[in-house]
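Some notes on the structure that comes next.
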Amino acid sequence: MSDHKVGIVGVGWVAGAHIETFKNVEGADVTAVCSRRDLDPKDLEAQFGIPIEVYKDYDEMVAAVDIVDICTPHPFHPDQTVTAAEAGKHVLIEKPISIDWENAKRVRDAIHKAGVKSCVCFEVRFCGQFQMTKSVIDQGLLGDLHYGEIDYYHGIGPWYGQYGWNIKKEMGGSSLLTAGCHALDALLLCMDDEVKEVTSYETKSSSEHFQPYEYATTSVTILKFQNGGLGKVASVVDCLQPYYFHLHLVGSQGSMLDNKFYSSKIDGITKDRWSMLDAPLIDSGDVNDHPYQPQFEAFVESIDNDSPMPLTDFDTAFESHRVVFAADRSVAEGRPIKLSEMT
């Protein structure tokens, strides 16, 4: 079987990381990019070490490849995904799939109708920290989880590359959509239960660095799960501190705090101090640190084997988006939102 041809639309910071990743993924090669900018194929080959054809017409690029990798700013994701799916192409989508609920449903319907494979870049699920965390949960060391909080702290100010476009409501959407959705998605992975209801609140820093934002840059979302558990997600993109992806899970047999844990199921363990688990923590928003490779490898394998994409398949990612949109609706309407309302 020949390698799948990958075409990337949007040639920026994220696209560069995707190109470098695909160079190490067996069964898929980046052969084309599409950009509104005038790009020289010779410059791209010098930068990435592989020949890449340049398109300005998106439809032409879609026709020339097998997998479309969408790395454009958020508002372009729905139309580009629908076009690719309708052309019968498999689709890799950087989050979010949309910055509004109606377009998210349009994307879902197009992918389901076309029957193509799709992966959404909630790559946190593939990182060492959450592979370890899920293993601890699945082995029963924490017992039955009844509370979990996972929070996203990342000051996206003028010192950060995406600041220029991220400050715009039409581009970023909300604190959760632009960044904190990674934490919410990770919480859903850990709690492994359907969300029944969400209540969300938002605020904004008075720091001059974050005044240009057209939307609230901090939100706190409380989640009620079907089986009675509770969760909390803070999305804070206006903090002045080092990057921090906070985790605290509480269960009937133990608790976990980032890479520390206590479990009553382990003989000889003491309750007066945490025991350590040696796994790399998520400590950066830099795309070069993202675990794209195992995710992209799993995606290509799912295409080759016509098997479900693990962890970040479209339907799983869509459910996380549904909860995000419910949270943003809760803020807008000033009331709790039942997930049954999000249809």
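In this structure, is Glu20 under 26 Å from Glu301 (Cα atoms) and either surrounded by fewer than 20 Cβ atoms within 10 Å (Cβ to Cβ) or β-branched (Val, Ile, Thr) (or both)?
Details: under 26 Å from Glu301 (Cα atoms): yes; either surrounded by fewer than 20 Cβ atoms within 10 Å (Cβ to Cβ) or β-branched (Val, Ile, Thr) (or both): yes.
Yes.
Suppose we keep only residues that are over 22 Å from Pro310 (Cα atoms) and either in contact with a strand residue (DSSP E or B) (Cβ under 7 Å, 6 or more places away or on another chain) or of a type in the set (Gly, Ala, Ser) (or both) within region 78-106. Which one would you say is surrounded by the most Cβ atoms within 10 Å (Cβ to Cβ)?
Filtering region 78-106 for residues that are over 22 Å from Pro310 (Cα atoms) and either in contact with a strand residue (DSSP E or B) (Cβ under 7 Å, 6 or more places away or on another chain) or of a type in the set (Gly, Ala, Ser) (or both), the one surrounded by the most Cβ atoms within 10 Å (Cβ to Cβ) comes out as Gln80.
Scan region 259-284 and report the pairs whose first residue is farther than 19 Å from Leu247 by Cβ and whose second residue is surrounded by 15 or more Cβ atoms within 10 Å (Cβ to Cβ), with Cβ atoms within less than 6 Å and a gap of 6+ or a chain change.
Ser264/Gln253; Ser264/Gly254; Lys265/Leu141; Lys265/Gln253
Could you grab me the full set of residues in region 107-123 that are over 19 Å from the mean Cα position of the chain (by Cα) and buried (at least 19 other Cβ atoms within 10 Å of the Cβ)?
Passing the criteria: Ala110, Val116.
Please go through (1) modelled with pLDDT under 95; (2) more than 30 Å from Asp66 (Cβ to Cβ) for Trp159 and return the number of the only condition it doesn't satisfy.
Among (1) modelled with pLDDT under 95; (2) more than 30 Å from Asp66 (Cβ to Cβ), Trp159 violates only (1).
Scan region 82-119 for residues that are in contact with a Leu (Cβ under 8 Å, 6 or more places away or on another chain) and of a type in the set (A, V, I, L, M) and report the count. Explain how you work it out, then say what you get.
Looking only at region 82-119, we keep the residues that are in contact with a Leu (Cβ under 8 Å, 6 or more places away or on another chain), and these are 96, 99, 118-119.
Next, from what is left, pick out any that are of a type in the set (A, V, I, L, M): 99.
Count: 1.
Condition first: in a loop (DSSP other than H, G, I, E, B), under 18 Å from Ala183 (Cα atoms) and not polar (S, T, N, Q). Now tell me which residues in region 300-343 satisfy that. Give the steps one after another, and end with the answer.
Of region 300-343, the ones in a loop (DSSP other than H, G, I, E, B) are 306-312, 334-336, 342-343.
Remaining after also requiring under 18 Å from Ala183 (Cα atoms): 311-312.
Once the filter is applied, which keeps residues that are in a loop (DSSP other than H, G, I, E, B), under 18 Å from Ala183 (Cα atoms) and not polar (S, T, N, Q), region 300-343 yields only Leu311.
Is it true that some residue in region 209-217 is assigned by TED's automatic domain parsing to the domain that holds Gly128, surrounded by 13 or more Cβ atoms within 10 Å (Cβ to Cβ), more than 24 Å from Arg322 (Cα to Cα) and of a type in the set (A, V, I, L, M)?
no
Under 7 Å between Cβ atoms, which residue pairs at least 6 apart in sequence (or on different chains) link something in region 178-194 that is under 10 Å from Phe122 (Cβ atoms) with a partner that is among the small types (Gly, Ala, Ser)?
Short answer, once both residue conditions are applied: Cys181/Ser320; Leu184/Ser320; Asp185/Ser320; Leu188/Ser320.
When you scan region 147-164, do you find a residue that is buried (at least 21 other Cβ atoms within 10 Å of the Cβ), among the hydrophobic types (A, V, I, L, M, F, W, C), in the same structural domain as Ser219 (by TED's automatic domain parsing) and within 29 Å of Ala279 (Cβ to Cβ), even just one?
Checking region 147-164: at least one residue is buried (at least 21 other Cβ atoms within 10 Å of the Cβ), among the hydrophobic types (A, V, I, L, M, F, W, C), in the same structural domain as Ser219 (by TED's automatic domain parsing) and within 29 Å of Ala279 (Cβ to Cβ).
Restricted to region 190-208, and to residues that are under 18 Å from Ser252 (Cα atoms) and among the charged types (D, E, K, R), which residue is surrounded by the fewest Cβ atoms within 10 Å (Cβ to Cβ)? Before the answer, list the steps.
If we filter region 190-208 for residues that are under 18 Å from Ser252 (Cα atoms), which is where we start, we get 190-193.
Still in the running and among the charged types (D, E, K, R): 192-193.
Working: Asp192: 13, Asp193: 16.
Per the criteria, the residue is Asp192.
Does Gly251 qualify as being touching a Gly at 6+ places or on another chain (Cβ under 6 Å), of a type outside the set (A, V, I, L, M) and either in the same structural domain as Gly180 (by TED's automatic domain parsing) or surrounded by 19 or more Cβ atoms within 10 Å (Cβ to Cβ) (or both)?
The answer is yes for Gly251.
So if I check each of Leu142, Leu177, which one is in a helix (DSSP H, G or I) and assigned by TED's automatic domain parsing to the domain that holds Val250? Give the steps one after another, and end with the answer.
Working: Leu142 fails: in a helix (DSSP H, G or I).
Within the list Leu142, Leu177, the selection yields Leu177.
Which residues, taken from region 280-325, are buried (at least 16 other Cβ atoms within 10 Å of the Cβ), at pLDDT below 90 and of a type in the set (Gly, Ala, Ser)?
Scanning region 280-325 gives a single hit, Gly285.
Check whether at least one residue in region 192-204 is at negative phi and assigned to a helix (DSSP H, G or I), and report yes or no. So that I can check it myself, show each step before the final result.
Initial filter on region 192-204 (at negative phi): 193-204.
From what is left, the residues that are assigned to a helix (DSSP H, G or I) are none.
No, region 192-204 contains no residue that is at negative phi and assigned to a helix (DSSP H, G or I).
Looking for something part of a loop (DSSP other than H, G, I, E, B) and basic (Lys, Arg) - is there at least one such residue anywhere in region 248-271? Working first, answer last.
Of all residues in region 248-271, those part of a loop (DSSP other than H, G, I, E, B) come to 252-253, 258-259, 264-271.
Among the residues that remain, those that are also basic (Lys, Arg) are: 265, 271.
Yes: region 248-271 contains one or more residues that are part of a loop (DSSP other than H, G, I, E, B) and basic (Lys, Arg).
Checking Ala46 against (1) surrounded by 14 or more Cβ atoms within 10 Å (Cβ to Cβ); (2) of a type in the set (A, V, I, L, M); (3) free of Cβ contacts under 8 Å to residues at least 24 places away in the same chain: exactly one of these is not met. Which one?
Ala46 satisfies every listed condition except (1).
Across region 254-279, which residue is surrounded by the most Cβ atoms within 10 Å (Cβ to Cβ) among those that are of a type in the set (A, V, I, L, M, F, W, C) and within 18 Å of Asp138 (Cβ to Cβ)? Step through it out loud before you land on a result.
Our first condition is that a residue be of a type in the set (A, V, I, L, M, F, W, C); within region 254-279, this holds for 256-257, 261, 266, 269, 274, 276-277, 279.
From what's left, within 18 Å of Asp138 (Cβ to Cβ): 256, 261, 266, 277, 279.
Working: Met256: 25, Phe261: 21, Ile266: 12, Leu277: 15, Ala279: 16.
The extreme case among them is Met256.
Conditions first: (1) farther than 25 Å from Ile222 by Cα; (2) assigned by TED's automatic domain parsing to the domain that holds Ser174; (3) touching a helix residue (DSSP H, G or I) at 6+ places or on another chain (Cβ under 9 Å). Ser307 passes all but one, so which condition is the exception?
The one condition Ser307 does not meet is (2).
The values are calculated or read from the model by the stated rules, or taken from the named source; none is laboratory data. Please read these numbers as outputs of a predicted model, since none were measured by experiment. As a convention, Cβ positions derive from the backbone with ideal geometry for all residues, glycine included, and neighbour counts pool all protein chains shown.
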